[in-house]
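Undergrad: Quick one: the structure is below, questions incoming.
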Amino acid sequence: MVSLFILFVGSTGMAQEIKIGVAGPMAFIQGQHHWVGAEYAAEEINAKGGVLVGGKRLPIKLIKIDTNEILNVPDAASAVERAITRDKVDFLIGGFRTEAVFAMQDVAMDYKKIFMGCGAAHPELCARVAKDYNKYKYWFRVTPINSMFLAKVDFILLGMVGKFIGMELGIPKPKVAIFAEKAVWADPIVAAAKENIPKMGMEIAGEWRPSATATDVTAELSAINASGSHIIFTTISGPLGIPYAKKWGELKIPAASVGINVEAQKKGFWEATGGLGNYDMTINTYARVEITPMTIPFYDRFVAKVGEFPTYNAGTNDAIRILANAIERAGTLDADKLVTELEKTDFYGAAGRIVFTKDHDVTWGPNFVTAVGTQWQDGKLMCVWPLDWEGITYKGAVKYKIPPWVVEKWKKK
């Protein structure tokens, strides 16, 4: 009886720390920024004594989970299951490649572990919550906005560039090349692009879908050049972004580059492309502008710590703070009770105001999370959108610039 009593007491409410598994491809910037963002939040929370749980403060302990999902998708689910069964993590944050996150999500749900997504964009990850709430309610997406909203912002940015091309170069109906890595998450954006580009008064020049790990895209860019495209609409989340931008600048392809290029979100992009990525424009989560009062302090401390700009994967910072707040409100680590509190989230984070939808997706729009548009301008990553959009201009935003070789090629004399 004594041993049973000890076992019972030892298994309930006796946590000495909160273990959070940070899951991502740790050999790549996406996983590295998962880790640094999480570390930043955990260190700050722990410096204040930890998370208050039922009258007791518990420190956060981070567990690094290398999912290897960029190179081998099946590794991810196995890594997450090991973290749950061997390392005894209480919560999970991170994830990157959608194909891997579906499997990771299923593992987490089987173990009833709250999993705060910080990398995979596919709408179905949250649609699962609506379809089977009891199973998938432990999943919440913090970043990025889902691929349909990414596409919406993409089209806003594309439309903005198209307007510049029209006004400054005298081209009323620009030709657009769709350039997207061959990955599941990109499919909805490509489908939406095919449908919407003609409706936007532009013409589709063609579609190119190289491997997400391709190291040479000379053939694709040469074909785009031959197509007479004025704009390249990019959808790239992984390492492909470097050889793409480098070759684009090297060949001086006379088409403005705009869309998603996660590699162009990082400080090392300039050096990695030898400056050839100048004028590449990408949707981004962060820029050194005042999205909320949290943004610039986080941005500056992140850069000071690792010498890099934060990519959207660093949204693990907001995820941990949201989770910690929910734990303190609930007064427990019980997953079911925490789901209720997480659903009430209204948090001003570094990326914007985070409120979850009924299917546990991050809300997009004015006064919520908008994302930003950033462009490399002579060695500096500048915010060029929102700039007077829906009444919003983030303090510090500047005007977009068409690459000079594009101007030289196409400007009507």
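Read-outs throughout are calculated quantities, based only on the coordinates presented, and are distinct from any laboratory measurement. Every value quoted in this text rests on a predicted model; they were computed, and no experiment measured them. Heads up, the Cβs are rebuilt from the backbone with ideal geometry, glycines too, and the neighbour counts pull from every protein chain shown.
Undergrad: Per residue of region 93-105, in order, report the coupling 6.51 cos²θ - 1.76 cosθ + 1.60 (Karplus, θ = phi - 60°) as ³J(HN,Hα) in whole Hz, putting x for Gly and Pro.
TA: The phi angles translate into 9, x, x, 9, 6, 3, 4, 6, 5, 3, 5, 5, 4 Hz.
Undergrad: What is the dipole size for the chain, taken about its Cα centre, with +1 at each Lys and Arg Cβ and -1 at each Asp and Glu Cβ, in debye to the nearest 20? Present the calculation step by step, with values, prior to reporting the outcome.
TA: On the way: 47 positive and 44 negative charges, 131 e Å.
For this selection, approximately 620 debye.
Undergrad: Now for a different question. Where does the chain land at 222 nm, in deg cm²/dmol rounded to the nearest 500, when only DSSP H runs of n ≥ 4 count, each adding -39500 (n - 2.57), divided by all residues? Walk me through the numbers before you get to the answer.
TA: Values: 15 runs with 162 residues, N = 413.
When only DSSP H runs of four or more count, the value is -12000 deg cm²/dmol.
Undergrad: For region 233-243, what does the Karplus curve 6.51 cos²θ - 1.76 cosθ + 1.60, with θ = phi - 60°, yield as ³J(HN,Hα) per residue in whole Hz, taken in order and with x for Gly and Pro?
TA: Ordered by residue, 3J(HN,Hα) equals 9, 9, 9, 9, 10, x, x, 4, x, 6, x Hz.
Undergrad: Using modelled backbone amide H atoms (1.01 Å from N, in-plane), which distant-in-sequence or interchain residues come within less than 5 Å of residue 256's amide H?
TA: So residue 256 has HN proximity to 231, 232.
Undergrad: Shifting gears a bit: Once amide H atoms are placed 1.01 Å from N in the peptide plane, what residues at a sequence separation of 5 or more from residue 63, or on another chain, have their amide H within under 5 Å of its amide H?
TA: 20, 21, 22
Undergrad: Quick query: amide H of residue 171 versus all other amide H atoms, modeled in the peptide plane; which residues come in under 5 Å with a sequence gap of 5 or more or a different chain?
TA: 166
Undergrad: In terms of the Cα gyration tensor, with a ≥ b ≥ c the square roots of its eigenvalues, is region 63-152 rounded because a/c is under 1.5, prolate because a/b exceeds b/c, or oblate?
TA: Working: a/c = 1.94, a/b = 1.29, b/c = 1.50.
Oblate.
Undergrad: Further question on the same structure: At residue 81 and residue 392, where each label point lies 7 Å from the Cα along Cα→Cβ, what is the point-to-point distance in nanometres?
TA: Distance between the two pseudo-spin positions: 4.1 nm.
Undergrad: What nm distance separates the two modelled labels at residue 204 and residue 399, each placed 7 Å from Cα along Cα→Cβ?
TA: 3.4 nm
Undergrad: Lys and Arg at +1, Asp and Glu at -1: add these up for the other residues within a Cβ distance under 14 Å of residue 275 and post the number.
TA: Neighbour charge sum, excluding residue 275 itself: +1.
Undergrad: Please check: in the Gaussian network model of the chain (C-alpha springs, under 10 Å), which one of 182, 48, 152 has the largest mean-square fluctuation.
TA: Between 182, 48, 152, it is 48 that shows the largest mean-square fluctuation.
Undergrad: What does the charge count near residue 242 come to, summing +1 for each Lys or Arg and -1 for each Asp or Glu among other residues with Cβ under 15 Å from its Cβ?
TA: Numbers: positive: 246, 247, 266, 267; negative: 181, 216, 220, 250, 263, 271, 280, 308.
Net charge in that neighbourhood comes out at -4.
Undergrad: Let me ask you something else. So if each residue of separation counts as 0.36 nm, and I subtract the Cα-Cα distance between residue 334 and residue 61, what length gain in nm does that give? Mind showing how you got there, number by number?
TA: Details: separation 273, 0.36 × 273 = 98.28 nm, distance 1.73 nm.
So the extension gain works out to 96.5 nm.
Undergrad: So, one more: Restricting to Cα pairs below 8 Å that are 6+ residues apart, what does the relative contact order work out to for region 80-124? Please round to a whole percent.
TA: On the way: 45 pairs, mean separation 20.8, N = 45.
So the answer I get is 46 percent.
Undergrad: Is there a quick way to get the dipole size of region 368-413? I mean about its Cα centre, with the Cβ of Lys and Arg at +1 and of Asp and Glu at -1; what is the value in debye to the nearest 20? Intermediate values should be presented prior to the final figure.
TA: On the way: 8 positive and 4 negative charges, 69 e Å.
I would put it at about 340 debye.
Undergrad: Within region 218-260, which residues have the backbone N less than 16 Å from the label spot 7 Å out from residue 411 along Cα→beta-carbon, could you tell me?
TA: Within reach of a label on residue 411: 254-256.
Undergrad: Follow-up. Can you tell me the relative contact order of the chain? Whole percent, Cα pairs under 8 Å, sequence separation 6 or more.
TA: Working: 866 pairs, mean separation 68.3, N = 413.
Relative contact order for the chain comes out at 17 percent.
Undergrad: Let me ask something additional. Using Cα springs under 10 Å in a Gaussian network model of the chain, which residue among 296, 145, 232 shows the largest mean-square fluctuation?
TA: 296
Undergrad: Could I ask something else about it? Give a residue-ordered list of calculated ³J(HN,Hα) values for region 197-203 (Karplus: 6.51 cos²θ - 1.76 cosθ + 1.60, θ = phi - 60°; whole Hz; x for Gly, Pro).
TA: Rounded to whole hertz, the list is 4, x, 5, 8, x, 10, 10.
Undergrad: Separation of region 127-172 and region 331-360 by C-alpha centroid, Å?
TA: 21 Å
Undergrad: Once the Cα atoms of helix 147-169 and of the chain are each reduced to a long axis, what angle between those two axes, in degrees from 0 to 90 to the nearest 10, is obtained?
TA: Between helix and principal axis, roughly 20 degrees.
Undergrad: Okay, moving on. Given points 7 Å out from each Cα along the Cα-Cβ axis, report the residue 44 to residue 131 separation in nanometres with one decimal.
TA: Distance between the two pseudo-spin positions: 3.6 nm.
Undergrad: Which of the pairs 135/344; 137/344; 64/112; 152/337 have their Cα atoms more than 24 Å apart in this structure? Each step should come with its number before you reach the end.
TA: Working: 135/344 19 Å; 137/344 13 Å; 64/112 20 Å; 152/337 34 Å.
Too far apart for the 24 Å limit: 152/337.
Undergrad: Would you work out which of 21, 364, 77 lies farthest towards the positive end of the dipole of the chain, given +1 charges on the beta-carbon of Lys and Arg and -1 on that of Asp and Glu, about the Cα centre?
TA: In the chain, that residue is 364.
Undergrad: Here are labelled values, (i) 25.1, 72; (ii) 24.1, 78; (iii) 22.0, 93, and one is the computed Rg and Dmax of the Cα atoms in Å for what I pasted. Which one?
TA: Derived directly from the coordinates: (iii).
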